[in-house]
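The values are calculated or read from the model by the stated rules, or taken from the named source; none is laboratory data. Computed from a prediction, not measured in an experiment: that's the story for all the values here. Using ideal geometry, Cβ is built from the backbone for each residue, glycine included, and neighbour counts are taken over all protein chains shown.
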Amino acid sequence: MDKISGLKAGLYARVSTGRQEKEETIESQTEEIKIKITSDNNTLSPEHIFADNGWSGSILARPALDNLRDAIKAKEIDIVYVYDLGRLSRDFTNQLVLIKEIEEECGVKLISLHDINPENEEHGFVRNILGSFHAYERIKIAERFRRGKLYKAKNGVLVNAQAPYGYDYIPKSVGREAGIIINIEEAKVVRMIYGWVGIERMSLTQVRKKLYEMGIKPKKARQDIWTNGPICRLLRNETYVTGLVYYNKGEAVEAIKPNNNTKYKRVKKTSRKLRPREEWIPFTVPKIIEDERLFDKVQQVLEYNKKYASNNRKYDYLLSGLVYCDCGTRRIGDGSSTHGHHYYRCAQRVHRYPLESTCKSRGVNASLLDGILWTKLRAFLSDPVALRSQAVRWVGIHNEQIGGNQTETTEIQKRINEIAEEEMRYAKAYGSGALDFDQFTLLADELKNRKKVFISRIEKADQNHKVDKVLSTDEVDKLCAYAKEVLMEMGVEDRKDTIHDIIEKVIINGSGEVEVRGYLPEFSQKLGQYAKSRNCGVTKCGEVDPV
């Protein structure tokens, strides 16, 4: 192959796992490619080095890869170097799409250090054949690994175990199989938590606070505080009382409702689901909770809380999901139904408990804010002036749509006229003897059917888009009376739906001023600083606060 030199080069590298990232294989790829670029006498600018660290090759949406594709389309790069084509994508179909985009659509040369770089169509065909075999081999290797691990597990060998809190995983070494043993310090914590919940009947919030005060961190210690999820899973983990852990218990799947809807995700299968219980493979480990009655008592407490907690803390926050703090964080409902205190507090103050929050904005009384906002919204929705304004606005938008439909109708009518002209031509041809009767009948029937389709489309459009362009005073008065009647009879859920349809966001700043942003421009307003607030994290018994 003739050496291509003097070109602006781009470099793309990728590793798929955190382990590879730590071992700096991304750097080894980059260095090898840089040597190749230098030997080809091409130039590489720092801004044209694109690297995706810890990204799976099965995912096409990767930030550095997207930046590379943008640079190629912007004609910033003449030639692209990769370690191998698998760096672009592990999916053979996606790999072909990228190769076609880079080479054929953008006219940029693609060089792989460890694949065939085709000089003609035959070489390109061979590269594709080899790529398909590589993809097939990767699938076969993955399947061999899966079946091999399953075989080992069925024969009593512990494979890829994740030790729960209270245990340590001991990897396989010379003369010793892998196993799970008790972590003495963590086991003490497990027994304490079970005692707090099962005997002292502490809430999860109290358990979190107690653990923080004792300086006990979660297993991975990414933060100093525990959250409800890990504690709840710990309390429901049957391993502590049965002494059994399972292999093949769950499988990774793509999340149906992902928490993170961002464009870029390092892993596709971010969720897990349980396999049928008959597929679980058990392994025996030491028990941490010897008293089965304590475990059962904890489950009863959790079920009791699950059944009654919603009633204990129940307050129908009308603005749930809409209220934001001036620091940019969402505010959430927080309070005590026992004493009737309910607040919209910055989520930082709740989720970081018992740590001190970085946001100092005060809580706002939920019942007062809900009441004031609903009163104003109800008055707005039953106000004749506001309703007339919205009705006129709606009619205007509808008429614009009709205008667009009329344009479409004009186009359809034009096609019908063209069909009529074509019918005349065929009739003349039949009359002159250029067409026999069967040919004429066939063509005429086809045109007749086409004309029917267009006529039905016009009739349907006219039927669906008829509207009065002017609303009378009587109609508006009837609408106001009906709206007022409906608003007075609305339940909590209907109020929530109405509020979410009209209000986009409610922002509360540090001084207590409330700004309402709505989808209806006339209702977007500032409610003003209407009440005082109290800077406290937890509502105290017997205290009443207007905000």
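Numbers for the structure displayed
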| read-out | value |
| --- | --- |
| Lone unmet requirement of (1) closer than 23 Å to residue 43 by Cβ; (2) assigned to a loop (DSSP other than H, G, I, E, B) for residue 64 | (2) |
| Residue match in the range 237-246 (condition: under 30 Å from residue 349 (Cα atoms) and out of contact with any His (no Cβ under 7 Å at 6 or more places or on another chain)) | yes |
| Number of the exception - residue 513 against (1) surrounded by fewer than 16 Cβ atoms within 10 Å (Cβ to Cβ); (2) modelled with pLDDT under 70; (3) closer than 28 Å to residue 348 by Cβ | (2) |
| Test: residue in the range 104-121 that is at positive phi, at pLDDT 85 or above and either in a helix (DSSP H, G or I) or over 29 Å from the mean Cα position of the chain (by Cα) (or both) | yes |
| Residue satisfying condition, being exposed (fewer than 11 other Cβ atoms within 10 Å of the Cβ), of a type in the set (Gly, Ala, Ser) and either farther than 24 Å from residue 67 by Cβ or in contact with a Gly (Cβ under 7 Å, 6 or more places away or on another chain) (or both), within set 166, 156, 86 | 156 |
| All helices (runs of 4 or more DSSP H) inside the range 351-467 with 2 or more residues being under 30 Å from residue 227 (Cα atoms), hydrophobic (A, V, I, L, M, F, W, C) and modelled with pLDDT of 70 or more | 366-381 |
| Residue, nearest to residue 201 (Cα to Cα), within the range 300-317, restricted to residues that are at pLDDT 80 or above and surrounded by 16 or more Cβ atoms within 10 Å (Cβ to Cβ) | 301 |
| Cβ-Cβ under 9 Å pairs, at least 6 apart or on other chains, the range 1-22 side at pLDDT 65 or above, far side basic (Lys, Arg) and not in a strand (DSSP E or B) | 11/34; 12/87; 13/87; 14/62; 14/87; 15/87; 16/90; 16/266 |
| Residue list for the range 237-250, filter: outside any helix (DSSP H, G or I), on the phi < 0 side of the Ramachandran plot, surrounded by 16 or more Cβ atoms within 10 Å (Cβ to Cβ) and not β-branched (Val, Ile, Thr) | 237, 246, 247 |
| Residue in the range 164-204 that is modelled with the lowest pLDDT, counting only those that are in contact with a helix residue (DSSP H, G or I) (Cβ under 7 Å, 6 or more places away or on another chain) and outside any loop (DSSP other than H, G, I, E, B) | 204 |
| Close pairs from the range 65-78: first touching a residue at least 40 places away in the same chain (Cβ under 8 Å), partner assigned to a helix (DSSP H, G or I), Cβ under 7 Å, at least 6 apart | 72/102; 77/71 |
| Neighbours by Cβ (under 6 Å, 6+ apart or cross-chain): first from the range 86-104, free of Cβ contacts under 8 Å to residues at least 12 places away in the same chain; second not in a loop (DSSP other than H, G, I, E, B) | 103/110 |
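Here is a yes/no grid of residues against (1) within 27 Å of the chain's Cα centre (by Cα); (2) in a strand (DSSP E or B); (3) surrounded by 14 or more Cβ atoms within 10 Å (Cβ to Cβ):
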site: 208; (1), (2), (3): no, no, yes
site: 235; (1), (2), (3): no, no, yes
site: 278; (1), (2), (3): no, no, no
site: 283; (1), (2), (3): no, yes, yes
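Residue by residue, here is whether (1) touching a His at 6+ places or on another chain (Cβ under 6 Å); (2) loosely packed, with under 11 Cβ neighbours inside 10 Å; (3) not hydroxyl-bearing (Ser, Thr, Tyr) holds:
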{"position": "91", "(1), (2), (3)": "no, no, yes"}
{"position": "97", "(1), (2), (3)": "no, no, yes"}
{"position": "132", "(1), (2), (3)": "no, no, no"}
{"position": "135", "(1), (2), (3)": "no, no, yes"}
{"position": "145", "(1), (2), (3)": "no, yes, yes"}
{"position": "161", "(1), (2), (3)": "no, no, yes"}
